[in-house]
Each structure stands twice: as structure tokens, then as C-alpha cells.
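Below is one structure, written out as C-alpha cells; comments come after it.
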Amino acid sequence: LGAMAAGQPLRRMFDYLGVTSQIPMERMGSTGVIDRYIFDDFTFDLPEGISAFAENLRKAFPDERPQIDVIVKNLTQISVRMDEFDILYAQSHDFASLMEYMDSLGDLMTDLHCSAGLRSVLGMTSSWIGIPLDVCPIYYHHMALASYLSSSWRLAGSGAEMADAFADRVGSLGGGALIAGDPVERILIDQGTVAGAVLKSGRMLRAKRIIGAIHPKALLGLLPEGAVKPAYRKRISRLEDTQGVF
């Protein structure tokens with residue numbers, strides 16, 4: 001986990017949700033090195049902090065200072081935006097300001113004529129998040145890396161224990177429950193109003209309001225035929241699938 005020190009973005013989220021004290025963690029990088037990358041022909045130490053990271057890059061690749069300057073400038077700008085949460089609070093929800101960071105980092109490094117070694121070091125972040133460098137948007141890559149450089153932490157327990165902490169918190173806030181492994185098969189409509197949902201097991205959940213955090217086309221498949229206007233169903237069904245923000 002990155003950016004979990006006091007006042008940093010993920011810590012602020014965990015504090016707001018009231019789960020920080022329930023998730024034991026230990027800080028990494030106490031010796032000055034978070035991770036050590038060992039390649040066939042060189043070794044690179046990942047330190048804490050963007051400035052220290054930039055300095056290590058310049059030492060490892062002294063002939064690529066201009067390329068490193070471009071990458072570090074982008075990384076710093078994205079780190080600031082992440083810290084301010086401005087993308088979440090923007091009134092217009094306009095992502096146009098991020099478009100310069102939506103190209104893949106691999107393409108940028110090709111344009112900058114970066115060496116294989118520099119690509120290998122930055123490609124490590126792509127391996128954490130499971131998106132190859134050549135298709136990973138600059139914004140997504142740098143957001144993950146900036147978070148890790150801010151402060152790096154590992155769970156003292158397991159991921160399951162972290163999930164339990166979140167689940168327990170839901171229950172403590174008023175009896176909410178999380179149901180896993182039993183997906184919704186259809187949404188019930190009564191006289192034009194939501195009445196509940198039926199799960200795969202046959203269990204029925206009564207509700208006056210349902211939030212479907214899924215693709216609109218998938219949501220249509222859960223509704224009875226006459227639940228929405230034909231024109232709306234037709235328009236949603238014809239939506240072209242596009243890339244998400246990331």
C-alpha cells in the first residue's frame with residue numbers, strides 16, 4: 001500500500017472510513033530502500049520520495065537526463081493532483097485536463113528514445129498493477145508510482161483481514177451486510193417503482209432503492225421488459241463501448 005503516512009491520500013481515505021486502526025501495517029523502506037530491482041546487467045534501488053527516485057535514475061542512466069526530467073516532471077504533477085483529490089472534486093467532472101497523460105508511458109518513452117534499462121525500471125510499476133508498459137496510461141502508471149514513493153507499507157496480516165475490517169465497519173454503521181457469491185439475477189419492479197432484487201440463490205431482498213454500479217447495458221438485462229421507456233432501452237443498447245478514464 002502506498003501513501004498511507006499521516007496526511008497522505010490513502011491514509012486520509014482510510015481515516016475517513018474509520019478503518020485505519022483495524023488494519024495493522026508496517027512501513028517499508030526504513031533502511032532507505034523500498035525495493036531493489038536486480039536485472040541481468042545492473043541493479044536499481046527504489047528509495048522513498050520523488051526527488052530521491054529522480055536522483056537514483058540520473059545516477060543509473062547519466063546519459064538520459066533530458067528523458068528523466070520529462071518523466072519526473074509528469075510524475076510530480078500527477079503526485080500533486082493525487083494529493084489534492086482535485087479529480088474527485090472537480091465541479092465539471094471534465095477529464096480533458098488529463099488527456100495529455102492518457103497516452104501510454106511506453107509510447108512516450110519510445111518518443112523520448114529511452115534506453116531498455118530505463119524502460120525496465122519504470123516497467124516494474126506496470127507489473128504491480130498488471131498493465132503492460134506499452135498500453136499503461138501515463139496517469140495511471142505515475143499515480144501508482146507516486147503513491148508508492150510517498151510512503152510504502154505492507155500488511156502485517158493478510159488481505160483477508162483487511163477485507164474483514166471493511167466488512168465489520170459496514171456492520172458497525174447500522175447493520176449493513178455484504179453478500180458475496182450470490183449475484184443479482186433480476187430487479188423487481190412494482191407499478192413502475194423498484195421493489196427489490198432476486199439473487200441467484202432465489203433469495204429476495206426488498207428495497208426501495210437500488211444502486212447498480214455496473215455497465216448500463218448489464219443493468220438493462222436485470223430489468224423486466226417494460227421497466228424503462230423503449231427509446232431509453234434502445235439508446236442504451238446502442239451505446240458504443242469506449243475506454244474508461246484509465
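At a glance:
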{"item": "Computed lengthening from ALA167 to LYS217, 0.36 nm per intervening residue step minus Cα-Cα distance", "result": "15.1 nm"}
{"item": "Alpha carbon convex hull of the stretch 160-223, volume per residue in cubic angstrom", "result": "107 Å³"}
{"item": "Rg to Rh quotient for the stretch 105-246, alpha carbon positions, Kirkwood Rh", "result": "1.11"}
{"item": "ASP40/LEU17 FRET efficiency (R0 35 Å; Cβ-Cβ; nearest 0.05)", "result": "0.20"}
{"item": "Globularity index of the chain, i.e. its alpha-carbon radius of gyration over 2.2 N^0.38 Å", "result": "1.28"}
{"item": "Accessible carbon and sulfur surface of the stretch 2-56 relative to its total accessible area, %, 1.4 Å", "result": "49 percent"}
{"item": "1.4 Å probe accessible area per residue over the chain, in Å²", "result": "61 Å²"}
{"item": "Candidate lysines for bridging to LYS59, where Cα separation is under 28 Å - those fewer than 8 sequence places away on the same chain excluded", "result": "LYS73"}
{"item": "Unit charges on C-beta of K, R, D, E only; dipole of the chain, Debye", "result": "1340 debye"}
{"item": "Within a Gaussian network of the chain (alpha carbon springs, distance under 10 Å), most fluctuating of MET28, MET143, MET99", "result": "MET99"}
{"item": "Chymotrypsin sites (Phe, Trp or Tyr not before Pro) restricted to DSSP loop in the stretch 17-86 with at most 12 other C-beta within 10 Å", "result": "PHE39, PHE42, PHE85"}
{"item": "Accessible-area composition of the stretch 131-246, carbon plus sulfur, in percent [1.4 Å probe]", "result": "55 percent"}
{"item": "Distance from the stretch 192-243 to the stretch 111-156 (C-alpha centre basis), Å", "result": "37 Å"}
{"item": "Highest-MSF residue in the chain out of ASP41, ASP69, ASP15 [GNM, Cα springs under 10 Å]", "result": "ASP41"}
{"item": "Amide H within-cut-off set for GLY196, under 5 Å, with H built and near neighbours excluded", "result": "LEU188, ALA207"}
{"item": "Highest-MSF residue in the chain out of ILE68, ILE236, ILE23 [GNM, Cα springs under 10 Å]", "result": "ILE236"}
{"item": "Loop-located GluC sites (Glu not before Pro) in the stretch 123-226 whose Cβ has at most 16 other Cβ within 10 Å (DSSP)", "result": "GLU225"}
{"item": "Neighbour cut-off at most 15 other Cβ (10 Å), DSSP loop, trypsin sites (Lys or Arg not before Pro), the stretch 186-244", "result": "LYS200, ARG203, LYS208, ARG209, ARG238"}
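The values are calculated or read from the model by the stated rules, or taken from the named source; none is laboratory data. This one's a predicted model, so the numbers in the text were calculated from it and none came from an experiment. With ideal geometry, Cβ positions are generated from the backbone for all residues, glycine too; neighbour counts draw on all protein chains shown. Protein only, heavy atoms only, side chains kept; ligands, DNA and RNA dropped before computing areas. Shrake-Rupley method; radii C 1.70, N 1.55, O 1.52, S 1.80 Å.
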